[in-house]
Amino acid sequence: MTFKDLGLNEAALKAVEKKGYTTPTPIQQQAIPAVLNRKDILGCAQTGTGKTAAFALPVLQLLHQADENRRGYKHIRALVLAPTRELALQIAESFTDYGSYTGLKHTEIYGGVPQHSQVIDLRNGTDILIATPGRLLDLINQGYIYLDYLEFFILDEADRMLDMGFIDDIRKIIKMLPDERQTLFFSATFSPQITRLADSLLTNPEKIEITPVSSAAEKIQQFVYMVGRKDKPRLLQHLLKQDLVKRTIVFTRTKHGADRIVQDLKKANLRAGVIHGNKSQEDRQYILNKFKEGRINILVATDIASRGIDIDNISHVINYDVPDVPETYVHRIGRTGRAGEDGVAFSLCDKEERGNLRDIRKIVKADIVVVEGHPYQLKEGPQQQNGNNNRPKNHKKKQSPKKHHNHNRPNAVVPGRENLPPLQQAV
Ligand code: AMP
């Protein structure tokens, strides 16, 4: 499936190519043709699924097609409502990228900053308005915004908006919209209140549900190594040198950390490359191609840089740090175990990260097995370390005392695709 198959025009395809996307994500595959067919959308999807392009690309295309003969003042024809300033800015950035060949203009407005420059932007005319609810109402009430020409209304992260207490503002805004419009409604969760809101807004919508990420993690074998922060570099190299660890993504929280890791790995003669937000699109693409072609077998990446990357046959994902947002963990490990293959995830957890691990365990249904007796193990037992007895049921300490005290054995067996259970092999 390509973007062209979805009915996108030249301007959209060029923008997508410039972003380096090759394959549409599941939500894009479903939403783009439906929006182009003038359907309302009821989307159950989280951030990170490619949701923004799923609504921005077809809306831009439809506005662009209608715009070709239009001259003069630009009226607001699409309104995107987002719960926070950060999300509004992120969406605006996406419209800049996806709309770069359309000549359409977009403006973002949000609270917490003076309104002056936003008012000037609005006076100059805009095709697309991206707004948070409070500031939008404020500027409507002051007479700076008219929605009479609106054709598209997009409500993003509806559940978060309700959690943040915006329901009354949203109701007021909805009353001001023309009845004849196309509405795209997105929410990660659907409570009865959200469903009622969606029902009041949508006409015969196309329902799109993207599987919640936590279930994707169930088929992945997950292991955690309790390790001191200072020992993480050595443990990482130890793991990467195992034969079973073939094609691996190493995730880190920071760009700086990613750079340092890749330098160390290269010094150790490992074939590694790095992608993060400070690298140009060209650099990222170059490294990704090397990784896809097998010229390097280790990709070190930050979370943002790795979003939406589509690479198959990843044997292992290694979390160099344990993310503080559990969903990030699930997204990271979801890079392995694709298309029904086995996948393995290792996490390197230091003392400070135990709380993060605990939170992850609450949302991940599969076991995360503590690997004992590896060469860089923290002195204390893992049971005290994470407060969670997650050792596999058949793994009794007394059964293999040697393994548990074998701290200096350099070649402790690493769990991998071919030798998963018995889990004792992990020591
Ligand atoms: P979103 O869910 O809209 O926040 O998108 C998450 C991330 O995925 C963003 O960094 C996008 O740039 C990226 N992305 C969206 N669609 C694709 C795609 N088809 N291929 C690769 N990356 C994508």
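The values are calculated or read from the model by the stated rules, or taken from the named source; none is laboratory data. It should be emphasised that the depicted structure is a prediction, and the values quoted were computed from it without experimental measurement. Counting neighbours? That spans all protein chains shown, and the Cβs are built from the backbone with ideal geometry, glycine included. For accessibility, only protein heavy atoms count, side chains too; no ligands or nucleic acids. Shrake-Rupley method; radii C 1.70, N 1.55, O 1.52, S 1.80 Å.
Data table
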| item | result |
| --- | --- |
| Residue in the stretch 13-35 that is open to solvent by 60 Å² or more (accessible area, probe 1.4 Å) and on the phi > 0 side of the Ramachandran plot present | no |
| Of the criteria (1) farther than 23 Å from residue 223 by Cβ; (2) touching a Phe, Trp or Tyr at 6+ places or on another chain (Cβ under 8 Å); (3) charged (D, E, K, R), which one residue 295 fails | (2) |
| Where a residue in the stretch 354-370 is under 9 Å from residue 322 (Cβ atoms) and its partner, wherever it lies, is open to solvent by 30 Å² or more (accessible area, probe 1.4 Å) and outside any helix (DSSP H, G or I), with Cβ under 7 Å and at least six apart | 356/324 |
| So residue 99, is it open to solvent by 20 Å² or more (accessible area, probe 1.4 Å), at pLDDT 90 or above and more than 11 Å from the ligand (Cβ to nearest atom) | no |
| Qualifying residue in the stretch 102-117 (condition: in a helix (DSSP H, G or I), in contact (Cβ under 8 Å) with a residue 24 or more places away in the chain and of a type in the set (Val, Ile, Thr)) | no |
| Search result, residues across the stretch 130-181 that are modelled with pLDDT of 95 or more, over 20 Å from residue 202 (Cα atoms) and of a type in the set (D, E, K, R) | 135, 138 |
| Helices (runs of 4 or more DSSP H) contained entirely in the stretch 2-89, each with at least 3 residues that are farther than 30 Å from residue 111 by Cβ, hydroxyl-bearing (Ser, Thr, Tyr) and within 14 Å of the ligand (Cβ to nearest atom) | none |
| Strands (runs of 3 or more DSSP E) (entirely within the stretch 156-252) containing at least 2 residues that are open to solvent by 60 Å² or more (accessible area, probe 1.4 Å) | 206-209 |
